[in-house]
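Read-outs throughout are calculated quantities, based only on the coordinates presented, and are distinct from any laboratory measurement. Computed from a predicted model, the values in this text were never measured in an experiment. For neighbour counting, all protein chains shown are included, and Cβ atoms are generated from backbone atoms with ideal geometry for every residue, glycine included.
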Amino acid sequence: MSGRVNRLCIKRDCTEWYAIFLIETESTQPQNVENVSENRIRGCDLGLEKFIVLDEGSNSKYEYPRFLQRSELKIKRLQKHLSTKRNGSRSSREIAFRLARLHLHVKRQREDYQNKLVSTILNKDTDVLVLEKLSVESMLKNHNLAKSLNDASFGSFAVKCIKKAKLLGKHILFVDPWGTSQFCHNCMEWVPKDLSERKHNCPTCKIEISRDLNSAKLIRRLGIQGSPPSDGGSSPAELLPLPSFRGMVNKSEAGSQHLDVGGRHKKRLRQLGEKVLACDFVHHPELFRTPVVATHANTD
Ligand SMILES: [Zn+2]
């Protein structure tokens, strides 16, 4: 560790003490986004079945180890035990402490896994990572998903991606998640499917791939072409059928999660992502490359 120490914080977490040093160092100069070649741009789909799916690469799928689920039985047992004790008694304090330790353990497992995963994704072959602008809030209303979503913690994953990218001088780009599971990445045909359908079979271009892989490829494509419709229609992305399709397809028909990053990560993401969201992509028309497929779906 080198650099000038600016601040030292002492923190206590579950009877453990930490010294946190805030150090000033030379920052990594971010690469010029205009020079990023297309093969160094990765699209990434986030989900509950597979935590992340990248648009290509040998290790393109990462399962999420359900840390909370693994410790759930222990947590429940302790909670039950705690409920039988008198409030404020010595034994209730002891059990509460064990419970807090267990939650800390799960949190650390999750942090460790996500940190390592972010480092793996933002490897030497990736300069720009395109993610969906997630919205867990509405999904949390679904109680069947809520627990898994809390366990997966997509918000903290996105924050980690942004931080790491800044550190390495790379870029994170967010695109609108609407319709990313429904459009065909290749021909932009609308291929409706509900959550249980795991395959993407396009009737137009006959592509048959997994649903998550199609999403990852589409996310990458949207990232390369600029993210409609947030660019105000100034980019060639406007020519693509996606923005006009938005008005034509009923949201309930879409069967796709329309997500917002929720809770405590929202503000943090906004602070961190401000620069990233206003990514240089949309300001450099020369960056918008010819669409992967020249044909546009007929919107008539
Ligand atoms: Zn297709």
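Of everything in region 179-209, what is buried (at least 21 other Cβ atoms within 10 Å of the Cβ) and near the ligand (Cβ under 8 Å from one of its atoms)? Give them in sequence order.
Within region 179-209, CYS184, HIS185, MET188 qualify.
Suppose we filter GLU63, GLU49, GLU38, GLU56 for residues that are of a type in the set (Asp, Glu), closer than 15 Å to ARG220 by Cα and under 17 Å from the mean Cα position of the chain (by Cα); which single one remains?
GLU56
Which of the strands (runs of 3 or more DSSP E) found entirely inside region 158-212 contain at least 2 residues meeting this: in contact (Cβ under 8 Å) with a residue 12 or more places away in the chain?
171-175, 199-201
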